[in-house]
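Asks: Handing you this structure, nothing more for now.
Here, each number is a calculation from the coordinates, and none is a lab measurement. These figures come from a predicted structure and were not determined experimentally.
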Amino acid sequence: MNGWAPSGSLAANIEITSISVQRGDVIQIGGQPCRVTDLVQLPAGAKRLFFESGEVLTMHARSRLVALRLMRKW
């Protein structure tokens with residue numbers, strides 16, 4: 001995420017679950033911000049998150065994380 005700067009967007013910290021996570025959400029993992037680029041639905045409500053940096057995270061159905069979500073100004 002080097003050199004990335006939002007323009008014309010508002011950012012909000014939100015709590016996400018496997019149901020509410022979206023592409024573009026930024027989750028801090030191990031002190032590093034990671035942007036979700038793809039999602040795969042797994043059994044029992046879990047999701048596998050793929051990040052720009054190549055990391056992969058499997059989110060259990062009951063997991064709750066804090067993410068930064070960008071909302072475009074219209």
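Asks: List every residue whose amide H lies under 5 Å from the amide H of Leu42, counting only residues 5 or more places away in sequence or on a different chain, with H placed 1.01 Å from N in the peptide plane.
Replies: Sorted by chain and number, the residues that satisfy this are Lys47, Arg48.
Asks: Assuming a ≥ b ≥ c are the square roots of the Cα gyration tensor eigenvalues, decide whether the stretch 26-67 counts as rounded (a/c under 1.5), prolate (otherwise, with a/b larger than b/c) or oblate. List each step's numbers first, then the result.
Replies: Working: a/c = 2.54, a/b = 1.46, b/c = 1.74.
Because a/c hits 1.5 or more and a/b fails to exceed b/c, the stretch 26-67 counts as oblate.
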